[in-house]
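The values are calculated or read from the model by the stated rules, or taken from the named source; none is laboratory data. The structure presented is a predicted model; accordingly, all values stated were derived computationally and were not measured. Cβ atoms come from the backbone with ideal geometry, glycine included; neighbour counts cover every protein chain shown.
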Amino acid sequence: MGDPRRHRHLGPKVRQSPQPDKAITEPAALLDSLDALTTEVRREGAAKLGQWDIGEAHGFASCAANLADYLALRGHDLRPLQRGLTMLGLSSLGRSEGHVLPALQATRAALAAIVGRQPDERPPSEAFFAGERCLTERRQALFGATGDLRATAIMVTCPSEAAEDPAFMRDLADRRIEALRINCAHDGPRRWLRMIEHARSAEQETGHRMRIFMDLAGPKIRTGDMEGGRRRLHVGDRLRIVEPGTLGAHNTDEAVTAVECTLGEAVRSSRTGDHVFYNDGKLGGVIEEAGDDGLLVLIQQAPEKGVRLKPEKGLNFPDADLGIAALTKKDRRDLKFIAAHADGVQYSFVQSAADVMQLQEALAELRDDWQELAIVLKVETIRAIDNLPEIMVHAASRQPTAVMIARGDLAVEIGFARMAEMQEEILWLAEAAHVPVIWATQVLENLVKKGRPSRGEMTDAAMAARAECVMLNKGPHILEAIEVLDTLLGRMGEHQHKKTPQLRALKSW
(Lines give C-alpha, C1' and ligand atoms only; values in the text may rest on other atoms or scores of the structure.)
Protein backbone atom coordinates (compact mmCIF):
# COMPACT_ATOMS: atom_id res chain seq x y z
CA MET A 1 0.00 0.00 0.00
CA GLY A 2 1.31 3.46 -0.88
CA ASP A 3 1.34 6.63 1.16
CA PRO A 4 -2.25 7.21 2.38
CA ARG A 5 -1.75 10.94 1.96
CA ARG A 6 -2.02 10.48 -1.80
CA HIS A 7 -5.79 10.20 -1.38
CA ARG A 8 -6.19 13.73 -0.09
CA HIS A 9 -7.39 16.42 -2.46
CA LEU A 10 -4.41 18.58 -3.39
CA GLY A 11 -6.17 21.43 -5.15
CA PRO A 12 -7.82 22.16 -8.51
CA LYS A 13 -4.55 22.34 -10.45
CA VAL A 14 -3.46 18.83 -9.48
CA ARG A 15 -4.54 16.13 -11.94
CA GLN A 16 -3.78 12.43 -11.85
CA SER A 17 -3.09 12.30 -15.59
CA PRO A 18 -3.46 14.76 -18.47
CA GLN A 19 -6.13 14.44 -21.13
CA PRO A 20 -4.72 12.39 -24.03
CA ASP A 21 -3.73 14.48 -27.03
CA LYS A 22 -5.39 12.30 -29.66
CA ALA A 23 -8.30 9.92 -29.86
CA ILE A 24 -8.10 6.77 -31.98
CA THR A 25 -10.73 7.25 -34.69
CA GLU A 26 -9.66 4.93 -37.54
CA PRO A 27 -11.81 1.75 -37.23
CA ALA A 28 -9.03 -0.77 -37.94
CA ALA A 29 -6.73 0.89 -35.41
CA LEU A 30 -9.57 0.90 -32.91
CA LEU A 31 -10.09 -2.82 -33.39
CA ASP A 32 -6.40 -3.58 -32.90
CA SER A 33 -6.33 -1.46 -29.75
CA LEU A 34 -9.48 -3.11 -28.43
CA ASP A 35 -8.03 -6.58 -29.03
CA ALA A 36 -4.83 -5.64 -27.22
CA LEU A 37 -6.83 -4.18 -24.33
CA THR A 38 -8.99 -7.31 -24.03
CA THR A 39 -5.91 -9.54 -23.92
CA GLU A 40 -4.42 -7.42 -21.15
CA VAL A 41 -7.68 -7.36 -19.18
CA ARG A 42 -7.95 -11.15 -19.31
CA ARG A 43 -4.34 -11.60 -18.23
CA GLU A 44 -4.32 -8.96 -15.49
CA GLY A 45 -7.78 -9.93 -14.25
CA ALA A 46 -6.84 -13.59 -13.89
CA ALA A 47 -3.69 -12.65 -11.98
CA LYS A 48 -5.64 -10.41 -9.60
CA LEU A 49 -8.34 -13.02 -9.09
CA GLY A 50 -5.71 -15.55 -8.09
CA GLN A 51 -4.59 -13.31 -5.22
CA TRP A 52 -7.97 -13.34 -3.45
CA ASP A 53 -9.32 -15.77 -0.86
CA ILE A 54 -12.76 -16.53 -2.31
CA GLY A 55 -15.28 -18.47 -0.26
CA GLU A 56 -17.71 -20.95 -1.74
CA ALA A 57 -20.97 -19.47 -0.45
CA HIS A 58 -23.58 -17.47 -2.37
CA GLY A 59 -22.20 -18.17 -5.88
CA PHE A 60 -19.80 -15.24 -5.73
CA ALA A 61 -16.96 -16.64 -7.87
CA SER A 62 -18.24 -15.08 -11.12
CA CYS A 63 -18.81 -11.76 -9.33
CA ALA A 64 -15.24 -11.76 -8.03
CA ALA A 65 -13.97 -12.54 -11.55
CA ASN A 66 -15.88 -9.57 -12.97
CA LEU A 67 -14.49 -7.31 -10.24
CA ALA A 68 -10.96 -8.46 -11.06
CA ASP A 69 -11.57 -7.79 -14.76
CA TYR A 70 -12.98 -4.35 -13.97
CA LEU A 71 -9.94 -3.41 -11.90
CA ALA A 72 -7.75 -4.59 -14.78
CA LEU A 73 -9.80 -2.58 -17.28
CA ARG A 74 -9.68 0.59 -15.19
CA GLY A 75 -5.95 0.25 -14.77
CA HIS A 76 -5.74 1.47 -18.38
CA ASP A 77 -6.50 4.94 -19.71
CA LEU A 78 -9.47 4.26 -22.00
CA ARG A 79 -10.03 7.82 -23.16
CA PRO A 80 -8.20 7.47 -26.53
CA LEU A 81 -10.51 4.54 -27.37
CA GLN A 82 -13.75 6.01 -26.10
CA ARG A 83 -14.11 8.93 -28.49
CA GLY A 84 -13.52 6.77 -31.56
CA LEU A 85 -15.95 4.09 -30.41
CA THR A 86 -18.64 6.68 -29.72
CA MET A 87 -18.14 8.24 -33.16
CA LEU A 88 -18.96 4.87 -34.72
CA GLY A 89 -22.12 4.52 -32.65
CA LEU A 90 -20.59 1.85 -30.42
CA SER A 91 -20.30 1.42 -26.67
CA SER A 92 -17.66 3.66 -25.09
CA LEU A 93 -17.24 1.01 -22.34
CA GLY A 94 -18.29 3.68 -19.85
CA ARG A 95 -21.09 1.53 -18.42
CA SER A 96 -19.35 -1.84 -18.34
CA GLU A 97 -19.08 -2.21 -14.55
CA GLY A 98 -21.47 -5.13 -14.22
CA HIS A 99 -20.31 -7.09 -17.29
CA VAL A 100 -16.73 -6.31 -18.31
CA LEU A 101 -15.84 -9.16 -20.67
CA PRO A 102 -19.30 -9.33 -22.31
CA ALA A 103 -19.08 -5.56 -22.96
CA LEU A 104 -15.67 -5.93 -24.57
CA GLN A 105 -16.87 -8.93 -26.58
CA ALA A 106 -20.01 -7.18 -27.85
CA THR A 107 -18.08 -4.05 -28.80
CA ARG A 108 -15.45 -6.10 -30.57
CA ALA A 109 -18.05 -7.99 -32.61
CA ALA A 110 -19.71 -4.78 -33.81
CA LEU A 111 -16.38 -3.11 -34.58
CA ALA A 112 -15.13 -6.16 -36.52
CA ALA A 113 -18.27 -6.02 -38.67
CA ILE A 114 -17.58 -2.36 -39.46
CA VAL A 115 -13.97 -3.09 -40.40
CA GLY A 116 -14.96 -6.11 -42.49
CA ARG A 117 -13.18 -8.73 -40.42
CA GLN A 118 -14.75 -11.94 -39.24
CA PRO A 119 -16.65 -10.93 -36.08
CA ASP A 120 -16.59 -12.95 -32.90
CA GLU A 121 -19.83 -14.35 -31.60
CA ARG A 122 -21.80 -11.78 -29.63
CA PRO A 123 -22.44 -12.59 -25.97
CA PRO A 124 -25.98 -13.89 -25.33
CA SER A 125 -28.30 -11.53 -23.48
CA GLU A 126 -28.35 -13.88 -20.49
CA ALA A 127 -24.59 -13.47 -20.05
CA PHE A 128 -24.62 -9.75 -20.83
CA PHE A 129 -27.19 -8.94 -18.14
CA ALA A 130 -26.20 -11.62 -15.61
CA GLY A 131 -24.44 -9.10 -13.38
CA GLU A 132 -27.46 -6.80 -13.30
CA ARG A 133 -29.71 -9.70 -12.30
CA CYS A 134 -27.24 -10.82 -9.65
CA LEU A 135 -27.11 -7.34 -8.10
CA THR A 136 -30.92 -7.14 -8.04
CA GLU A 137 -31.15 -10.53 -6.33
CA ARG A 138 -28.57 -9.52 -3.74
CA ARG A 139 -30.40 -6.25 -3.05
CA GLN A 140 -33.66 -8.10 -2.53
CA ALA A 141 -31.98 -10.66 -0.27
CA LEU A 142 -30.67 -7.86 1.94
CA PHE A 143 -33.58 -5.42 1.98
CA GLY A 144 -36.56 -7.27 0.52
CA ALA A 145 -38.72 -6.19 -2.40
CA THR A 146 -39.16 -2.43 -2.80
CA GLY A 147 -42.45 -2.36 -4.68
CA ASP A 148 -43.25 -0.96 -8.10
CA LEU A 149 -42.59 2.75 -7.55
CA ARG A 150 -38.89 2.69 -6.60
CA ALA A 151 -36.02 0.22 -6.81
CA THR A 152 -33.87 1.84 -4.09
CA ALA A 153 -34.52 0.73 -0.51
CA ILE A 154 -34.77 3.15 2.41
CA MET A 155 -33.10 2.56 5.78
CA VAL A 156 -33.98 4.63 8.86
CA THR A 157 -31.90 5.07 12.02
CA CYS A 158 -33.98 4.40 15.13
CA PRO A 159 -33.96 7.09 17.84
CA SER A 160 -33.83 6.10 21.51
CA GLU A 161 -37.51 7.03 21.80
CA ALA A 162 -38.41 4.13 19.49
CA ALA A 163 -37.94 1.82 22.48
CA GLU A 164 -40.84 3.50 24.28
CA ASP A 165 -43.13 4.45 21.40
CA PRO A 166 -44.59 1.55 19.35
CA ALA A 167 -46.27 4.06 17.03
CA PHE A 168 -42.90 5.02 15.53
CA MET A 169 -42.35 1.56 14.06
CA ARG A 170 -45.96 1.43 12.87
CA ASP A 171 -45.44 4.75 11.06
CA LEU A 172 -42.35 3.34 9.33
CA ALA A 173 -44.12 0.14 8.34
CA ASP A 174 -47.07 2.13 6.99
CA ARG A 175 -44.60 3.99 4.76
CA ARG A 176 -43.09 0.70 3.56
CA ILE A 177 -39.58 1.30 4.88
CA GLU A 178 -37.36 -1.65 4.02
CA ALA A 179 -34.72 -1.49 6.76
CA LEU A 180 -34.08 -0.20 10.27
CA ARG A 181 -30.71 0.72 11.78
CA ILE A 182 -30.05 0.42 15.51
CA ASN A 183 -26.84 2.13 16.61
CA CYS A 184 -25.06 0.05 19.26
CA ALA A 185 -23.12 3.13 20.36
CA HIS A 186 -26.32 4.25 22.12
CA ASP A 187 -28.83 2.70 24.52
CA GLY A 188 -28.37 -0.99 25.41
CA PRO A 189 -29.76 -4.51 24.96
CA ARG A 190 -33.01 -3.88 26.86
CA ARG A 191 -33.94 -0.87 24.75
CA TRP A 192 -32.72 -2.53 21.56
CA LEU A 193 -34.98 -5.49 22.26
CA ARG A 194 -37.99 -3.24 22.79
CA MET A 195 -37.28 -1.50 19.47
CA ILE A 196 -37.16 -4.86 17.70
CA GLU A 197 -40.33 -6.08 19.42
CA HIS A 198 -42.15 -2.91 18.33
CA ALA A 199 -40.87 -3.44 14.77
CA ARG A 200 -42.07 -7.05 14.67
CA SER A 201 -45.47 -6.02 16.04
CA ALA A 202 -45.74 -3.35 13.34
CA GLU A 203 -44.89 -5.97 10.72
CA GLN A 204 -47.71 -8.21 11.93
CA GLU A 205 -50.18 -5.34 11.91
CA THR A 206 -49.27 -4.10 8.42
CA GLY A 207 -47.98 -7.23 6.69
CA HIS A 208 -44.81 -5.35 5.74
CA ARG A 209 -41.42 -6.85 6.63
CA MET A 210 -38.60 -4.56 7.83
CA ARG A 211 -35.01 -5.83 8.10
CA ILE A 212 -33.10 -5.02 11.30
CA PHE A 213 -29.47 -3.91 10.94
CA MET A 214 -27.39 -3.24 14.05
CA ASP A 215 -24.35 -0.97 13.82
CA LEU A 216 -21.31 -1.93 15.90
CA ALA A 217 -19.73 1.06 17.64
CA GLY A 218 -16.14 0.13 16.74
CA PRO A 219 -13.03 1.74 18.24
CA LYS A 220 -13.44 5.40 19.17
CA ILE A 221 -10.63 7.97 19.19
CA ARG A 222 -11.61 11.02 21.22
CA THR A 223 -10.21 13.97 23.13
CA GLY A 224 -9.74 13.63 26.88
CA ASP A 225 -8.54 16.03 29.57
CA MET A 226 -6.90 19.34 28.62
CA GLU A 227 -4.53 21.85 30.17
CA GLY A 228 -2.73 25.12 29.38
CA GLY A 229 -3.16 27.52 26.49
CA ARG A 230 -6.56 28.61 25.29
CA ARG A 231 -9.55 26.52 24.43
CA ARG A 232 -10.58 28.28 21.21
CA LEU A 233 -8.17 27.58 18.34
CA HIS A 234 -7.69 29.42 15.05
CA VAL A 235 -5.58 28.93 11.94
CA GLY A 236 -1.92 29.34 12.91
CA ASP A 237 -2.38 28.14 16.50
CA ARG A 238 -0.66 25.03 17.81
CA LEU A 239 -2.07 22.09 19.73
CA ARG A 240 -0.19 19.35 21.56
CA ILE A 241 -1.79 15.90 21.61
CA VAL A 242 -0.50 13.44 24.22
CA GLU A 243 -1.23 9.90 25.33
CA PRO A 244 -3.86 9.32 28.03
CA GLY A 245 -2.71 9.96 31.58
CA THR A 246 0.38 11.96 30.57
CA LEU A 247 -0.78 15.58 30.90
CA GLY A 248 1.86 17.59 32.75
CA ALA A 249 4.57 15.01 32.09
CA HIS A 250 5.84 16.67 28.91
CA ASN A 251 7.97 19.68 28.10
CA THR A 252 5.59 22.06 26.39
CA ASP A 253 4.96 25.77 26.09
CA GLU A 254 2.30 26.84 28.60
CA ALA A 255 0.74 28.95 25.86
CA VAL A 256 0.07 25.80 23.82
CA THR A 257 -3.05 23.85 24.72
CA ALA A 258 -2.37 20.18 25.45
CA VAL A 259 -5.08 17.55 25.11
CA GLU A 260 -5.09 13.84 25.80
CA CYS A 261 -6.04 11.37 23.08
CA THR A 262 -8.01 8.41 24.43
CA LEU A 263 -6.14 6.00 22.14
CA GLY A 264 -2.42 6.02 22.84
CA GLU A 265 -1.67 4.05 19.65
CA ALA A 266 -2.81 7.04 17.59
CA VAL A 267 -0.17 9.27 19.19
CA ARG A 268 2.58 6.66 18.97
CA SER A 269 1.83 5.75 15.34
CA SER A 270 1.72 9.30 13.95
CA ARG A 271 4.67 11.03 12.31
CA THR A 272 5.74 14.46 11.19
CA GLY A 273 3.71 15.63 8.21
CA ASP A 274 0.63 13.55 9.04
CA HIS A 275 -2.80 15.17 9.16
CA VAL A 276 -4.97 15.39 12.28
CA PHE A 277 -8.65 16.40 12.40
CA TYR A 278 -10.90 17.30 15.31
CA ASN A 279 -14.68 16.94 15.64
CA ASP A 280 -15.67 15.87 12.10
CA GLY A 281 -13.09 18.15 10.49
CA LYS A 282 -14.06 21.38 12.23
CA LEU A 283 -10.33 21.76 12.95
CA GLY A 284 -7.57 20.37 10.78
CA GLY A 285 -3.81 20.51 11.07
CA VAL A 286 -0.46 18.96 10.25
CA ILE A 287 1.96 17.43 12.75
CA GLU A 288 5.12 19.55 13.07
CA GLU A 289 6.79 17.42 15.74
CA ALA A 290 6.28 13.81 16.81
CA GLY A 291 8.21 12.33 19.70
CA ASP A 292 8.34 11.67 23.42
CA ASP A 293 6.40 14.87 24.12
CA GLY A 294 3.49 13.76 21.97
CA LEU A 295 2.38 15.49 18.77
CA LEU A 296 2.70 19.21 18.09
CA VAL A 297 0.03 20.12 15.54
CA LEU A 298 -0.11 23.33 13.49
CA ILE A 299 -3.74 24.28 12.86
CA GLN A 300 -4.27 24.92 9.15
CA GLN A 301 -8.04 24.60 8.85
CA ALA A 302 -10.60 26.35 11.08
CA PRO A 303 -13.61 28.68 10.79
CA GLU A 304 -12.92 32.41 11.02
CA LYS A 305 -14.23 32.50 14.60
CA GLY A 306 -12.19 29.47 15.58
CA VAL A 307 -13.33 26.25 17.26
CA ARG A 308 -13.56 25.59 20.98
CA LEU A 309 -11.82 22.43 22.19
CA LYS A 310 -13.96 20.09 24.27
CA PRO A 311 -13.47 16.62 25.73
CA GLU A 312 -15.18 13.57 24.22
CA LYS A 313 -14.91 14.89 20.65
CA GLY A 314 -13.65 12.78 17.78
CA LEU A 315 -10.06 12.80 16.52
CA ASN A 316 -9.04 11.49 13.10
CA PHE A 317 -5.51 10.41 12.15
CA PRO A 318 -6.02 9.48 8.49
CA ASP A 319 -2.34 9.03 7.63
CA ALA A 320 -1.38 6.86 10.61
CA ASP A 321 -1.41 3.06 10.59
CA LEU A 322 -2.95 2.60 14.03
CA GLY A 323 -2.70 -1.18 14.07
CA ILE A 324 -5.80 -1.61 16.22
CA ALA A 325 -8.47 -4.28 15.94
CA ALA A 326 -11.71 -3.25 14.26
CA LEU A 327 -13.68 -5.43 16.69
CA THR A 328 -13.61 -4.11 20.27
CA LYS A 329 -14.55 -5.88 23.51
CA LYS A 330 -17.84 -3.99 23.52
CA ASP A 331 -18.49 -5.04 19.92
CA ARG A 332 -17.98 -8.69 20.87
CA ARG A 333 -20.49 -8.36 23.71
CA ASP A 334 -22.99 -6.67 21.40
CA LEU A 335 -22.52 -9.36 18.74
CA LYS A 336 -24.21 -11.88 21.02
CA PHE A 337 -27.38 -9.80 20.93
CA ILE A 338 -27.05 -9.07 17.20
CA ALA A 339 -26.59 -12.73 16.29
CA ALA A 340 -29.76 -13.61 18.20
CA HIS A 341 -32.05 -10.79 17.06
CA ALA A 342 -30.89 -8.92 13.94
CA ASP A 343 -30.93 -9.57 10.20
CA GLY A 344 -27.56 -7.92 9.64
CA VAL A 345 -24.53 -6.34 11.30
CA GLN A 346 -22.95 -3.07 10.22
CA TYR A 347 -19.18 -3.25 10.67
CA SER A 348 -17.52 0.02 11.71
CA PHE A 349 -13.83 0.74 11.09
CA VAL A 350 -13.33 -2.33 8.88
CA GLN A 351 -10.05 -1.82 7.02
CA SER A 352 -8.90 -5.19 5.70
CA ALA A 353 -9.94 -8.70 4.76
CA ALA A 354 -8.39 -9.79 8.08
CA ASP A 355 -10.89 -7.55 9.88
CA VAL A 356 -13.73 -9.27 8.01
CA MET A 357 -12.33 -12.68 8.93
CA GLN A 358 -12.20 -11.63 12.59
CA LEU A 359 -15.88 -10.70 12.56
CA GLN A 360 -16.90 -13.86 10.71
CA GLU A 361 -15.01 -16.05 13.16
CA ALA A 362 -16.76 -14.30 16.04
CA LEU A 363 -20.16 -14.85 14.38
CA ALA A 364 -19.36 -18.52 13.74
CA GLU A 365 -18.91 -18.98 17.49
CA LEU A 366 -22.39 -17.58 18.11
CA ARG A 367 -24.59 -19.37 15.55
CA ASP A 368 -24.18 -22.28 13.17
CA ASP A 369 -25.94 -20.49 10.32
CA TRP A 370 -23.87 -17.29 10.63
CA GLN A 371 -23.55 -17.14 6.85
CA GLU A 372 -27.24 -16.21 6.68
CA LEU A 373 -26.59 -13.02 8.66
CA ALA A 374 -25.89 -10.03 6.43
CA ILE A 375 -22.80 -7.86 6.86
CA VAL A 376 -22.58 -4.18 5.92
CA LEU A 377 -19.02 -2.98 5.33
CA LYS A 378 -18.73 0.67 6.39
CA VAL A 379 -16.13 2.40 4.23
CA GLU A 380 -14.94 5.25 6.43
CA THR A 381 -11.12 5.22 6.32
CA ILE A 382 -8.35 5.52 3.75
CA ARG A 383 -7.23 1.95 4.40
CA ALA A 384 -10.73 0.66 3.77
CA ILE A 385 -10.56 2.34 0.35
CA ASP A 386 -7.16 0.82 -0.37
CA ASN A 387 -8.34 -2.67 0.53
CA LEU A 388 -11.94 -2.44 -0.66
CA PRO A 389 -11.74 -5.12 -3.40
CA GLU A 390 -10.29 -7.73 -1.03
CA ILE A 391 -12.69 -6.69 1.75
CA MET A 392 -15.73 -7.12 -0.51
CA VAL A 393 -14.55 -10.45 -1.91
CA HIS A 394 -13.82 -11.96 1.50
CA ALA A 395 -17.18 -10.86 2.89
CA ALA A 396 -19.52 -11.37 -0.07
CA SER A 397 -18.18 -14.83 -0.94
CA ARG A 398 -19.22 -16.02 2.53
CA GLN A 399 -22.40 -14.14 3.52
CA PRO A 400 -24.87 -11.54 2.17
CA THR A 401 -22.93 -8.27 1.92
CA ALA A 402 -23.46 -4.58 1.27
CA VAL A 403 -21.06 -1.63 1.24
CA MET A 404 -21.97 1.54 3.11
CA ILE A 405 -20.39 4.79 1.93
CA ALA A 406 -19.97 6.36 5.38
CA ARG A 407 -19.41 9.84 4.04
CA GLY A 408 -18.93 11.59 7.39
CA ASP A 409 -15.70 10.03 8.62
CA LEU A 410 -14.54 9.30 5.09
CA ALA A 411 -14.85 12.96 4.06
CA VAL A 412 -12.73 13.96 7.05
CA GLU A 413 -10.11 11.38 6.13
CA ILE A 414 -9.73 12.23 2.43
CA GLY A 415 -11.08 15.79 2.20
CA PHE A 416 -14.51 16.97 1.11
CA ALA A 417 -13.57 17.67 -2.51
CA ARG A 418 -12.00 14.23 -2.90
CA MET A 419 -15.09 12.70 -1.27
CA ALA A 420 -17.27 13.77 -4.20
CA GLU A 421 -15.03 11.77 -6.53
CA MET A 422 -14.48 8.81 -4.23
CA GLN A 423 -18.17 8.08 -3.66
CA GLU A 424 -18.48 7.60 -7.42
CA GLU A 425 -15.54 5.20 -7.52
CA ILE A 426 -16.97 3.14 -4.65
CA LEU A 427 -20.27 2.88 -6.52
CA TRP A 428 -18.41 1.60 -9.60
CA LEU A 429 -16.35 -0.98 -7.71
CA ALA A 430 -19.34 -2.33 -5.82
CA GLU A 431 -21.38 -2.62 -9.02
CA ALA A 432 -18.51 -4.53 -10.63
CA ALA A 433 -18.60 -6.94 -7.67
CA HIS A 434 -22.43 -7.07 -7.83
CA VAL A 435 -22.51 -5.89 -4.20
CA PRO A 436 -25.32 -3.53 -3.08
CA VAL A 437 -24.40 -0.04 -1.83
CA ILE A 438 -25.93 1.98 1.01
CA TRP A 439 -25.67 5.76 0.52
CA ALA A 440 -25.34 7.22 4.02
CA THR A 441 -24.58 10.28 6.16
CA GLN A 442 -26.57 13.53 6.26
CA VAL A 443 -29.04 12.58 3.54
CA LEU A 444 -31.79 15.25 3.66
CA GLU A 445 -30.25 16.36 6.96
CA ASN A 446 -31.92 19.79 7.10
CA LEU A 447 -35.29 18.30 6.27
CA VAL A 448 -34.93 15.59 8.92
CA LYS A 449 -33.83 17.99 11.64
CA LYS A 450 -35.45 21.32 10.70
CA GLY A 451 -38.35 20.43 8.44
CA ARG A 452 -37.04 22.20 5.33
CA PRO A 453 -34.53 20.77 2.83
CA SER A 454 -31.76 22.71 1.14
CA ARG A 455 -31.43 22.66 -2.64
CA GLY A 456 -28.03 20.99 -2.34
CA GLU A 457 -29.26 18.10 -0.23
CA MET A 458 -32.17 17.45 -2.60
CA THR A 459 -29.63 17.06 -5.40
CA ASP A 460 -27.54 14.78 -3.20
CA ALA A 461 -30.59 12.62 -2.45
CA ALA A 462 -31.36 12.43 -6.17
CA MET A 463 -27.82 11.19 -6.82
CA ALA A 464 -28.37 8.55 -4.14
CA ALA A 465 -30.89 6.80 -6.40
CA ARG A 466 -27.93 5.06 -8.05
CA ALA A 467 -27.33 3.12 -4.83
CA GLU A 468 -29.36 0.10 -3.75
CA CYS A 469 -30.30 1.68 -0.41
CA VAL A 470 -30.35 5.18 1.11
CA MET A 471 -30.02 5.72 4.85
CA LEU A 472 -31.76 8.51 6.74
CA ASN A 473 -30.63 9.59 10.18
CA LYS A 474 -32.96 10.26 13.10
CA GLY A 475 -34.69 13.59 13.63
CA PRO A 476 -38.04 15.21 14.49
CA HIS A 477 -39.15 15.41 10.84
CA ILE A 478 -38.12 11.90 9.80
CA LEU A 479 -41.59 10.89 8.56
CA GLU A 480 -41.78 13.90 6.26
CA ALA A 481 -38.27 13.14 5.01
CA ILE A 482 -39.26 9.55 4.24
CA GLU A 483 -42.17 10.71 2.11
CA VAL A 484 -40.00 13.20 0.21
CA LEU A 485 -37.26 10.63 -0.35
CA ASP A 486 -39.75 7.97 -1.42
CA THR A 487 -41.13 10.27 -4.13
CA LEU A 488 -37.70 11.49 -5.20
CA LEU A 489 -36.24 8.00 -5.55
CA GLY A 490 -39.24 6.87 -7.56
CA ARG A 491 -38.99 9.78 -9.98
CA MET A 492 -35.22 9.54 -10.38
CA GLY A 493 -35.49 5.80 -10.97
CA GLU A 494 -37.42 6.57 -14.14
CA HIS A 495 -34.50 8.65 -15.42
CA GLN A 496 -31.39 6.80 -14.23
CA HIS A 497 -30.27 3.23 -13.56
CA LYS A 498 -26.78 3.22 -12.05
CA LYS A 499 -24.71 5.16 -14.66
CA THR A 500 -27.19 4.62 -17.50
CA PRO A 501 -29.77 7.30 -18.38
CA GLN A 502 -33.28 5.91 -18.86
CA LEU A 503 -34.80 7.87 -21.75
CA ARG A 504 -38.48 7.72 -20.95
CA ALA A 505 -40.65 10.25 -22.74
CA LEU A 506 -40.27 13.75 -21.27
CA LYS A 507 -43.54 15.20 -20.03
CA SER A 508 -42.56 18.78 -19.21
CA TRP A 509 -42.71 20.02 -22.83
Would you list the helices (runs of 4 or more DSSP H) that sit entirely within segment 35-137 and hold 2 or more residues that are under 28 Å from residue 401 (Cβ atoms) and of a type in the set (A, V, I, L, M)? 61-74, 100-115
So the strands (runs of 3 or more DSSP E) completely within segment 270-374 holding 1 or more residues that are under 17 Å from residue 213 (Cβ atoms) are 344-347
May I ask you to verify whether residue 372 is farther than 30 Å from residue 225 by Cβ, surrounded by fewer than 22 Cβ atoms within 10 Å (Cβ to Cβ) and in contact (Cβ under 8 Å) with a residue 12 or more places away in the chain? yes
Taking residue 410 as the residue in question, decide whether it is out of contact with any Leu (no Cβ under 9 Å at 6 or more places or on another chain) and at pLDDT 90 or above. yes
Only one of these is in contact (Cβ under 8 Å) with a residue 24 or more places away in the chain and assigned to a helix (DSSP H, G or I): 177, 196. Name it. 196
Subset tally (residues that are touching a Ser or Thr at 6+ places or on another chain (Cβ under 7 Å) and of a type in the set (Lys, Arg)) for segment 171-191: 2
The correct count of residues that are assigned to a helix (DSSP H, G or I) and in contact (Cβ under 8 Å) with a residue 12 or more places away in the chain in segment 479-509 is 13
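Yes/no per residue for (1) acidic (Asp, Glu); (2) buried (at least 21 other Cβ atoms within 10 Å of the Cβ):
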| residue | (1), (2) |
| --- | --- |
| 60 | no, yes |
| 63 | no, yes |
| 71 | no, no |
| 77 | yes, no |
| 84 | no, yes |
| 92 | no, no |
| 96 | no, yes |
| 104 | no, yes |
Return the residue satisfying two criteria in turn: it lies in segment 251-288 and is exposed (fewer than 15 other Cβ atoms within 10 Å of the Cβ) and touching a strand residue (DSSP E or B) at 6+ places or on another chain (Cβ under 7 Å), and of such residues it is modelled with the lowest pLDDT. 280
Residue count, segment 1-54, condition of a type outside the set (S, T, N, Q) and modelled with pLDDT under 75, comes to 19
Of (1) modelled with pLDDT under 90; (2) buried (at least 18 other Cβ atoms within 10 Å of the Cβ), residue 346 satisfies all except one. Which? (1)
Regarding residue 170, is this residue out of contact with any Phe, Trp or Tyr (no Cβ under 7 Å at 6 or more places or on another chain), at pLDDT 95 or above and either farther than 23 Å from residue 335 by Cα or not in a helix (DSSP H, G or I) (or both)? yes
